[in-house]
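Please read the structure below before turning to the comments.
The values are calculated or read from the model by the stated rules, or taken from the named source; none is laboratory data. Here the structure is a predicted model, which means the values were calculated and not measured. All Cβ positions, even for glycine, are placed from backbone atoms using ideal geometry, and neighbour counts span all protein chains on display. Accessible surface is based on the protein model in full, side chains and every heavy atom, while ligands, DNA and RNA are left aside. Shrake-Rupley method; radii C 1.70, N 1.55, O 1.52, S 1.80 Å.
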Amino acid sequence: MTKPILEVDNLGKIYPVRQGLFKRGNLIAAEEVGFSISSGQTVALVGESGSGKSTVGRCLLRLEEPDSGSVQFEDRELNSLSERQLMGLRAKMQMVFQDPLGSLNPRHPVGKLVAEPLMLHGTVPPDKIKDRVDELFELVGLRRDHADRYAHQLSGGQQQRVGIARALATNPDLIVLDEPTSALDVSVEAQILNLLVDLQKKFQLAFLFISHDLSVVRLVADVVIVMYLGQIVESGPVEDVLNNGFHPYTRGLVSATPIEHPLEQKERISLQGEPTSPIDPKPHCRLLSRCPFAKTECGHLPAKLKEIKPGHSTRCIRFQNEHQDGHWKPETTR
Ligand code: ADP
Ligand code: MG
C-alpha cells in the first residue's frame, strides 16, 4: 500500500446558528472526520443532503476554514501554511463542482476560463498557454473551437468537461469532485464518469468523490465513507460497505427497498422519520430516533467509530457490542 497523499484527522466544522442577535446553538456540520487517500485511489463520500459532505470537501481545500483537526497533503500540514504557501499547494488540489454552469464565469469564453489557473499558478510560460489549453480541451473530449464559446452556449456535459479541464490545468494530484454528475442526464453522466476514470488512470489522480448516488459510487470508488449529520457512521472498501454494511444507516441508504440487518436476520430496515437536528446534537448515536434496532444503550453511550474488520469501521454501538470474533451474533429478541 502506497503512502497516502492526503491524510485527514479529526476534522471539525461548526456553524453558529443565530436568531436575531442571539446565538441559538452550534450546527455541527462536520465532526471527527478522518480518512486518507492515495494516488490513483477514489474515496467516495456519501450520505443524504445536509450530512456534511461538501463541508468536508471545502475544508480539505481550505476553501473554508475548519474549526479543528489536521489535513496533511503530500506531507505538509495545511494548518501551518501561510496563505502564500497554501496558494502554491492549491495547484495540486483542485475541485470540480456540481453545477457546471454556475461555476463557470459567464463573461468569458471557456478557453479563457481554462487558461486562468495556468496564468494564476504560472504552470506554463505565457507563450505556451494556448498550446496547453488546446491540449486540455483534447484531454477532456472537447474540440478546440469550443474554446471560443461561452459557458451558456455549451451543453451540460460540455460545461462539466470545461470544469474538469480547469481542474486538470495545473497538473493536480488530488481532485475533490462534489457531485460532479448530479446535474447531468444519465447518458451524459456515464460519459463524464468514463472520462474521469480514464483521466485518473492516466495521471494517477487521487479523487474524493462526493455523491449521494450509490450506483455511481459502486462504479468509481475504492473506499466508501458514509456520513450522517456531520459524522462518519461507516467506512470501508466499497464492496464491504455497500454489500455488507454494518450500520443501519448504511443499509437503509443502500437500498430503497427494506433490507435485513446483519444482527437480526428477520428484521428489515426502513429508516422512518426525519433526521434529528444537527444543532447541538447529543454525543450518542444520531440515528437513534430513526433506527428500528436502537436499544437502551444506544441512547446512553457515546457513539464512536470503531474498526470491526481491517479497514472497515462502524459507529453503530449495538453492532460493536454484539458482533464478536468476526461472526454475527444474531438475536431473536429486541
Ligand atoms: P451536504 O454536502 O452533505 O449536503 P453540507 O456540507 O452542504 O452537506 O452541509 C452540512 C450542514 O451544514 C447542513 O446542515 C447545512 O445546512 C450546514 N451549512 C453548510 N454550509 C453552511 C454555511 N455556510 N452556514 C451555515 N450552515 C451551513
Ligand atoms: Mg453538498
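Is it fair to say residue 173 is in contact with a Phe, Trp or Tyr (Cβ under 6 Å, 6 or more places away or on another chain) and modelled with pLDDT of 95 or more? Write out each step before concluding.
On the way: in contact with a Phe, Trp or Tyr (Cβ under 6 Å, 6 or more places away or on another chain): no; modelled with pLDDT of 95 or more: yes.
For residue 173, the condition - in contact with a Phe, Trp or Tyr (Cβ under 6 Å, 6 or more places away or on another chain) and modelled with pLDDT of 95 or more - is not met.
Using the structure shown, decide if residue 44 is within 30 Å of residue 215 (Cα to Cα) and modelled with pLDDT of 95 or more. Spelling it out, residue 44 is indeed within 30 Å of residue 215 (Cα to Cα) and modelled with pLDDT of 95 or more.
Among the listed residues 85, 98, which satisfies the condition of being buried (at least 18 other Cβ atoms within 10 Å of the Cβ) and closer than 22 Å to residue 169 by Cα? If you could, list the steps in order and put the result at the bottom.
On the way: 85 fails: buried (at least 18 other Cβ atoms within 10 Å of the Cβ).
Result of the check over 85, 98: 98.
Within the option set 11, 21, being in contact (Cβ under 8 Å) with a residue 24 or more places away in the chain and among the aliphatic types (A, V, I, L, M) holds for one residue only, 11. Can you name the residue in the range 52-69 that is at positive phi and surrounded by fewer than 23 Cβ atoms within 10 Å (Cβ to Cβ) and is also farthest from ligand 2 (Cβ to nearest atom) among such residues? This residue is 69.
Being open to solvent by 50 Å² or more (accessible area, probe 1.4 Å) and over 29 Å from the mean Cα position of the chain (by Cα) is the filter here; which residues of the range 129-149 pass it? Listed by number, the residues that qualify are 130, 131, 143, 144, 145, 148, 149. Of all residues in the range 25-65, those satisfying the criterion of being among the small types (Gly, Ala, Ser) and within 13 Å of ligand 1 (Cβ to nearest atom) are 25, 29, 30, 44, 47, 49, 50, 51, 52, 54, 57. Filtered by the rule that a residue be outside any loop (DSSP other than H, G, I, E, B), within 16 Å of ligand 1 (Cβ to nearest atom) and either farther than 22 Å from residue 210 by Cα or of a type in the set (A, V, I, L, M) (or both), the range 143-193 gives 176, 177. Residue-level check: of (1) open to solvent by 50 Å² or more (accessible area, probe 1.4 Å); (2) within 16 Å of ligand 2 (Cβ to nearest atom); (3) modelled with pLDDT of 95 or more, residue 72 misses just (2).
If only residues of the range 181-229 that are hydroxyl-bearing (Ser, Thr, Tyr), over 12 Å from the mean Cα position of the chain (by Cα) and surrounded by 23 or more Cβ atoms within 10 Å (Cβ to Cβ) are counted, the one that is nearest to residue 53 (Cα to Cα) is 228.
Report, by residue number, each residue of the range 35-51 that is open to solvent by 10 Å² or more (accessible area, probe 1.4 Å) and within 16 Å of ligand 2 (Cβ to nearest atom). It would help to see each step written out before you state the result.
Going residue by residue through the range 35-51, those that are open to solvent by 10 Å² or more (accessible area, probe 1.4 Å) are 35-36, 39-41, 48-50.
Within the range 35-51, 48, 49, 50 meet the criteria.
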